[in-house]
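Remarks on the structure that follows.
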Amino acid sequence: MSTLNVPGIAYGGDYNPEQWPEEVWAEDVRLMREAGVTMVSVGIFSWALLEPSEGVYDFSLLDRILDLLHENGIAADLATPTAAPPAWFFRAHPEALPVDRDGRQLSYGSRQTFCPSSPAYREAALRIAGELAARYAEHPAVVMWHVHNEYGCHNAECYCDTSAEAFRGWLRARYENLDALNDAWGTTFWSQRYYDWDEIIPPRATGAVPNPAHQLDWRRFCSEELLSLYKAEREVLREAAPGTPATTNFMVMYAFDALDYWRWAPELDIVSNDHYLRSTDPESEIDIALSGDLVRSLAGGRPWLLMEHSTGAVNWQPVNRAKTAGELRRNALAHVAHGADGIAYFQWRAAKAGAEQWHSAMLPHAGTDSQIWRDVVALGADLKALAEVRGSTGTASVAVVWDWNARWALELPSQPSEQVRYLDLVRSWYEPLWRSGVAVDFVRPDADLSSYRLVLAPNLYLVDDEGAANLTRFAEGGGTLAVGFHSGAVDENCHVRLGGYPGAFRDVLGVRTDELFPLLPGESVSLSGGGTASLWSERVHLAGAETITSYTEGPLTGIPAVTRHGCGTGTAWYLATLPDPSTLAALLDRIRAEAGVAPVRVTPEGVEAVLRRGPEADYLFLINHGDGGAEVDVAPDATELLAGERVHGGRVTVAAGDVMVVREPRSATP
Ligand code: GLA
């Protein structure tokens, strides 16, 4: 892991000067300075300009841009332009165009329309990356390589014959022989046994439901195939400029789930992420928090960069909502609160042409006489005031288990209920923790859990033996574990764990389920002790656990819905259904109180409290998402950094919609 050679909290965005006449550039850099911009990402989609025909290069434009940035004290995060191969490439290599599940070959004409397994693409991508690296390795503006852009955003899967061959190669390495593959995939079902490697194809559109293990391995392969492209580019860059860190921008939230970022993150020198709000989410601040905690966790607790978000509306949702007053500031500072050491936008200047002409930017179509511009300039000043926060990190005693393999498997077709969505479940458990100000890390099932008191697995449909044993050991060794329904159900090959559900967690949870009763959309059942449950239920039998709540209506009347099991020196809870939000919140409050987990700070409703800990001080971020002012207790010896004022009387008042960052003496608690 390296650090970024930009002072304080980096600030900027994607900069596409190639879309504008050169006389605009001088205004760009002048305004960047006015806004306090310190780093911009350049060249992301400039392949067609840099290499107008195969092997012919023209770097004159990029030379001038990088020089101009450097003269103005603005650092460059220089991108390899490989997310958008030029038209000439596809005319020479039509076989590199991707094929979708239905066998349709796509055309060029947008971006990222290439087959990840195409040898011609790989060769061309590494060639342009090599040229860039050689030319700019020593350029003083370049502080980081931005490899590609959002790998897999549009082409995570290609079903062409070249991909099929690469998939078979990956399977051969994984299974070594066909018997092992046939066993893992359970191919005796529906006459699917393979006798020759060449019989195996990607899970293309077929008459009925494809084999689950086949589909799961396909998802794994697709993630690895793109990762190998990233690593190949990174190696080329590293060779030319060993001291310059490389990143690529992740997309951990929204609907994107194509990449197993636990496998990607260790390959990045600095982890970066893109985050966009969903117009339909009334509490997108929770999405930001969850995303930030997940990215910080992927980065191993180290600071990360927010590579993209938006100043206002995006252009790719059915209706693209603008931000409300103060939302731009709250959003950006919330990312910092959750560990970002850099805040960047897509994009610097709003485009007037092209597919993203209706996407917001730091400098909007309206120019500087606009609310967005004023907010952008003010944010620059805020970030400058937070310079000393750089390098500090979070501190959590609660871990939420997050696993892309489990997510992929849970969301395969032909499940007991297609209503069960991984991210929804994680969010429903995360929300009450967020509301109570409890700090959270995300972990892999096999992570070192020794620093946590409480581990939550909202869903772990798929878990391998190692992950299950790790979580079991944690509970038996004195921790508190809470597991959500339909967990432990299958192994890493999607084979059901026999003998009763929740398979791998039956013993640690002290329960045994003999049949699942998913609930219909809109259906709910009442619970003893108040509240209702929806989405899921199952016929749980106690096998050592005690009942906390049971159903009071429907076919499972009297059957446990939530259980608690003393195991070893710890405790394991099973939530065999989805309680309504306030019942779930009360339950998680009880679980965490029993586990001895305290919030970062008790705050009035609507005020988010997040702590970053530095070597000498704690930084308490207070973000008021509510409509009224709120008082929060702080350390007697504290300073508010955004206003640069000492706090008197051990208490601050956070105005409605406002953000405060309070430096306190480093507390002794871990
Ligand atoms: C993604 C891409 C950007 C841009 C934005 C628009 O994050 O990386 O190039 O298309 O979406 O929201």
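The values are calculated or read from the model by the stated rules, or taken from the named source; none is laboratory data. What you see is a predicted model, and the numbers here were worked out from it, not measured in a lab. Cβ: placed from backbone, ideal geometry, glycine included. Neighbour counts: every protein chain shown. Surface accessibility is based on the protein's heavy atoms, side chains included, excluding ligands, DNA and RNA. Shrake-Rupley method; radii C 1.70, N 1.55, O 1.52, S 1.80 Å.
A few comments on the model shown:
- The helices (runs of 4 or more DSSP H) found wholly in region 1-75 and carrying at least 1 residues that are closer than 14 Å to residue 142 by Cβ occupy 60-71.
- Test: residue 361 is in contact with a Lys or Arg (Cβ under 7 Å, 6 or more places away or on another chain), open to solvent by less than 20 Å² (accessible area, probe 1.4 Å) and farther than 21 Å from residue 608 by Cα: yes
- Looking across region 230-244 at every residue that is touching a Phe, Trp or Tyr at 6+ places or on another chain (Cβ under 7 Å) and open to solvent by less than 10 Å² (accessible area, probe 1.4 Å), the one that is nearest to the ligand (Cβ to nearest atom) is identified as 230.
- Test: residue in region 451-471 that is open to solvent by 10 Å² or more (accessible area, probe 1.4 Å) and within 16 Å of residue 577 (Cβ to Cβ): yes
- Where a residue in region 34-45 is open to solvent by 30 Å² or more (accessible area, probe 1.4 Å) and its partner, wherever it lies, is hydrophobic (A, V, I, L, M, F, W, C) and within 13 Å of the ligand (Cβ to nearest atom), with Cβ under 8 Å and at least six apart: 45/83; 45/84
- Exactly one residue out of 302, 330, 390, 321 is touching a His at 6+ places or on another chain (Cβ under 8 Å), surrounded by fewer than 24 Cβ atoms within 10 Å (Cβ to Cβ) and of a type in the set (Lys, Arg): that is 330.
- Each residue in region 250-286 was checked for being within 15 Å of the ligand (Cβ to nearest atom) and not hydrophobic (A, V, I, L, M, F, W, C), and 9 of them qualify.
- Residues being within 16 Å of the ligand (Cβ to nearest atom) and on the phi > 0 side of the Ramachandran plot - total across region 20-57: 1
- Inter-residue pairs, beta-carbon under 6 Å, first closer than 14 Å to residue 37 by Cβ and in region 324-349, second within 16 Å of the ligand (Cβ to nearest atom) and assigned to a helix (DSSP H, G or I), 6+ apart: 343/332
- Residue match in region 539-551 (condition: within 18 Å of residue 586 (Cα to Cα), of a type in the set (Phe, Trp, Tyr) and crowded, with 18+ Cβ neighbours inside 10 Å): yes
Residue by residue, here is whether (1) open to solvent by 60 Å² or more (accessible area, probe 1.4 Å); (2) at pLDDT below 95; (3) closer than 16 Å to residue 511 by Cα; (4) more than 26 Å from the chain's Cα centre (by Cα) holds:
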residue: 556; (1), (2), (3), (4): no, no, yes, yes
residue: 567; (1), (2), (3), (4): no, no, yes, yes
residue: 573; (1), (2), (3), (4): no, no, yes, yes
residue: 588; (1), (2), (3), (4): no, no, no, no
residue: 594; (1), (2), (3), (4): yes, no, no, yes
residue: 597; (1), (2), (3), (4): no, no, no, no
residue: 608; (1), (2), (3), (4): no, no, no, no
residue: 613; (1), (2), (3), (4): no, no, no, no
residue: 617; (1), (2), (3), (4): no, no, no, yes
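- Strands (runs of 3 or more DSSP E) fully within region 270-349 that include at least 3 residues being in contact with a Leu (Cβ under 8 Å, 6 or more places away or on another chain): 272-274, 340-345.
This table checks each residue for (1) over 30 Å from residue 238 (Cβ atoms); (2) within 16 Å of the ligand (Cβ to nearest atom); (3) surrounded by fewer than 19 Cβ atoms within 10 Å (Cβ to Cβ); (4) at pLDDT 95 or above.
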site: 149; (1), (2), (3), (4): no, yes, no, yes
site: 169; (1), (2), (3), (4): no, no, yes, yes
site: 180; (1), (2), (3), (4): yes, no, yes, yes
site: 187; (1), (2), (3), (4): yes, no, yes, yes
site: 206; (1), (2), (3), (4): yes, no, yes, yes
site: 213; (1), (2), (3), (4): yes, no, no, yes
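- First in region 255-274 and of a type in the set (Phe, Trp, Tyr), second anywhere and part of a strand (DSSP E or B), Cβ under 8 Å, 6 or more apart: 261/250; 264/250
- Subset of region 305-318 (residues that are without any contact (Cβ under 8 Å) to a residue 40 or more places away in the chain, open to solvent by less than 10 Å² (accessible area, probe 1.4 Å) and not hydrophobic (A, V, I, L, M, F, W, C)): 309
- Condition met for residue 133 (within 30 Å of residue 59 (Cα to Cα), under 28 Å from the mean Cα position of the chain (by Cα) and in a helix (DSSP H, G or I)): no
- Put simply, of 474, 517, 505 the only residue that is open to solvent by 10 Å² or more (accessible area, probe 1.4 Å), in contact (Cβ under 8 Å) with a residue 60 or more places away in the chain and on the phi < 0 side of the Ramachandran plot is 474.
- Residue match in region 578-597 (condition: part of a strand (DSSP E or B) and of a type in the set (A, V, I, L, M, F, W, C)): yes
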